[in-house]
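**Q** Dumping the structure here so I can ask a few things about it.
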Amino acid sequence: MNHPLLENVLLTGRWQVSPQALTASAPGVMVQFAATTKELSFDLEGEARYRLDIDGKTAEYFVIDARETHKVKVQGEGVHQFRLIKVSESNPGKINLYGIDLGKGGKFGPKPKASNRRIEFIGDSYSVGYGNEANGPEDGTVFEKTNTSKSYAFLLADGYKADFQINAVSGRGLVRNYDGIMPDWPLSRLYDYTVFGAAEQGESELWNFETFHPQVIVIFVGINDFQGNPPYADPAAFKATYDALLAKLRKLHPGVKFLLVSTKTWPNDAMTPAVQQVFEDQQAKGFKDLEYKLVQTENTALHGHPSAHSQEELAQTLRFTVGRLGGFLSR
């Protein structure tokens, strides 16, 4: 049985649906709807930071802690377009959206239509937009300074007006997490679940891959496999897991195209040769559905992560390749 909101809202990202609530944790998950109203309120639960867009412009950012009702005044007559975007990461944790009240006389407009363009991003903190609003490596907290709507992934998808999933979790690698944290839950295992932040607690369903078939998948993972305190990931295990992921995604999404991305890692820059090896071996096997890109970022934001400006540059760097792979440039 579905939640009643699904009659009127379009969900972006992975959501777990029950009659009581819409539940998520991934960065950048979004709810879009149209409505005629002077005041609306969101019944939300879980620690998260949100951005609310009204008619294509950012109206406000707000924070929810426990279960709260957040009220919004709406100016102007007629039908308005709304986007509620979770810009923080739930790691661990989850959010629940119980309902949207449009107030006296308010009513939903036509349900927004899904785009014919679909992009998936698989990654870590760089794809989340971890700490990208910080003015330095120690400026504020992760919760305050992370804004996924300023990440390269969100900006790239939004620029193409594409539906998207940002399946990214900070600190996770494909086979080895940063500093060896949560060794039983690398990204390769979390990826199969709907609510990443609740999977380790046994509170997430497995994701139904039939509900979203991307045309392009950007895979930017491996930083945490080869960074932090050693021991690092075994390159052979990393390659085998990467190859298995590509094979799995090809089976799930026939005809999908891939962009494999790498960047410099410290102290020994081991990620790039590992990802390059995956790419070259895939080519040698005859696969023509993937490309590779080495990128550089200015890691001047929180804890040495890319700033919002650097995220914008990264989106521009990848934009043409993603558009060409997805066939977005000609339609």
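The values are calculated or read from the model by the stated rules, or taken from the named source; none is laboratory data. Only a predicted model underlies this, so the values are computations on that prediction, with no experimental measurement involved. Don't worry about glycine lacking a Cβ; one is built from the backbone with ideal geometry, like all the others, and counts go over all protein chains shown. The protein model used for the area step is the full one, side chains on, heavy atoms only, and it has no ligands, DNA or RNA in it. Shrake-Rupley method; radii C 1.70, N 1.55, O 1.52, S 1.80 Å.
**Q** Show me, for the range 103-118, the HN-Hα J-couplings you get by feeding each phi into the Karplus relation (A = 6.51, B = -1.76, C = 1.60, θ = phi - 60°), rounded to Hz, glycine and proline as x.
**A** After applying 6.51 cos²θ - 1.76 cosθ + 1.60, I find x, 4, x, x, 8, 6, x, x, 5, x, 8, 5, 6, 8, 10, 9 Hz.
**Q** Moving on. For the chain, what % of the accessible area comes from carbon and sulfur atoms, probe 1.4 Å?
**A** 51 percent
**Q** With springs only between Cα atoms under 10 Å apart, run a GNM on the chain and tell me which of Leu187, Leu22, Leu245 wobbles the most.
**A** Leu245
**Q** Restricting to lysine pairs 8 or more places apart or on different chains, what number in the range 47-138 have Cα atoms under 18 Å apart?
**A** Qualifying lysine pairs in the range 47-138: 9.
**Q** Shifting gears a bit: Report relative contact order for the chain in percent, whole number only (criteria: Cα-Cα under 8 Å, sequence separation at least 6).
**A** With pairs under 8 Å counted, the relative contact order is 18 percent.
**Q** Oh, and also: With springs only between Cα atoms under 10 Å apart, run a GNM on the chain and tell me which of Val29, Val17, Val79 wobbles the most.
**A** Val79
**Q** Which whole number in µm²/s is D for the range 14-117 by Stokes-Einstein, with the Kirkwood Rh taken over Cα pairs at 25 °C and 0.890 mPa s?
**A** Rounded, D is 173 µm²/s.
**Q** How high is the relative contact order of the range 52-106? Use alpha-carbon pairs under 8 Å, at least six apart in sequence, and give a whole percent.
**A** Numbers: 23 pairs, mean separation 22.9, N = 55.
It rounds to 42 percent for the range 52-106.
**Q** Averaged per residue, what accessible area in Å² does the chain show with a 1.4 Å probe, protein chains only?
**A** Computed with neighbouring chains in place, this is 43 Å² per residue.
**Q** Counting other Cβ atoms within 10 Å, which chymotrypsin sites (Phe, Trp or Tyr not before Pro) in the range 228-287 have at most 14 and lie in a DSSP loop?
**A** Listed in order of number, the matching sites are Phe287.
**Q** With +1 on each Lys and Arg Cβ and -1 on each Asp and Glu Cβ, and nothing else charged, work out how big the dipole of the range 112-174 is about its Cα centre, in Debye to the nearest 20.
**A** 400 debye
**Q** Kindly list the residues of the range 101-140 that lie in the label zone of Glu39, defined by a backbone N under 11 Å from the point 7 Å along the Cα-to-C-beta vector.
**A** Hits in the range 101-140 for Glu39 at 11 Å: 103-104.
**Q** Turning to a different aspect of this structure: Averaging sequence separations of C-alpha pairs under 8 Å and six or more residues apart, then dividing by the length of the range 201-267, give the relative contact order as a whole percent.
**A** 54 percent
**Q** A further question on this structure: So which aspartates and glutamates pass the test for Lys161, namely a Cα distance under 20 Å, with those fewer than 8 places away in the same chain ruled out?
**A** Asp53, Asp55, Glu120, Glu312, Glu313
**Q** Right, next: Please work out the Cα center distance from the range 228-246 to the range 5-83, rounded to the nearest Å.
**A** Here the answer is 38 Å between Cα centres.
**Q** Taking the Cα centre as origin and putting +1 on Lys and Arg beta-carbons and -1 on Asp and Glu beta-carbons, what dipole magnitude results for the range 176-263, to the nearest 20 debye?
**A** 460 debye
**Q** Per-residue accessible area for His3 at 1.4 Å probe radius, Å² rounded to 10?
**A** Only protein atoms counted, so the area is about 10 Å².
**Q** Related question: Please compute the Kirkwood hydrodynamic radius of the range 198-331 from all pairs of different C-alpha atoms, in Å with one decimal.
**A** Here the Kirkwood hydrodynamic radius works out to 16.6 Å.
**Q** Could you tell me the extents of the chain's C-alpha atoms along the three principal axes, largest first, rounded to whole Å?
**A** 62, 43, 37
**Q** Whole-Hz Karplus ³J(HN,Hα) for the range 69-75, in order, using 6.51 cos²θ - 1.76 cosθ + 1.60 and θ = phi - 60°, x for Gly and Pro?
**A** Computed from phi, the couplings for the range 69-75 are 10, 9, 9, 9, 7, 10, 9 Hz.
**Q** Per residue and in cubic angstrom, what volume does the convex hull of the Cα atoms of the range 256-331 have?
**A** In the range 256-331, the Cα convex hull volume per residue is 94 Å³.
**Q** Moving to a separate point now. Under a straight-distance cross-link criterion of Cα-Cα below 30 Å, which lysines are reachable from Lys239, leaving out those fewer than 8 residues away in the same chain?
**A** Cα-Cα hits under 30 Å: Lys248, Lys251, Lys257, Lys264, Lys285, Lys288, Lys293.
**Q** Quick one: if you stick a label point 7 Å off each Cα along the C-beta vector at Val63 and Asp234, how many nm between them?
**A** 4.4 nm
**Q** Oh, and also: Can you report the principal axis dimensions of the range 51-99 using only the alpha carbons, biggest first, rounded to whole angstrom?
**A** Each principal axis gives a Cα extent; for the range 51-99 these are 40, 18, 14 Å.
**Q** Further question: Taking the Cα atoms only, what angle lies between the long axis of helix 235-252 and the longest principal axis of the chain, rounded to 10 degrees?
**A** In the chain, helix 235-252 runs at an angle near 50 degrees to the longest axis.
**Q** Taking the Cα centre as origin and putting +1 on Lys and Arg beta-carbons and -1 on Asp and Glu beta-carbons, what dipole magnitude results for the chain, to the nearest 20 debye? Write out the running numbers ahead of the final one.
**A** Numbers: 35 positive and 39 negative charges, 253 e Å.
Using Cβ point charges on Lys, Arg, Asp and Glu, the chain gives about 1220 debye.
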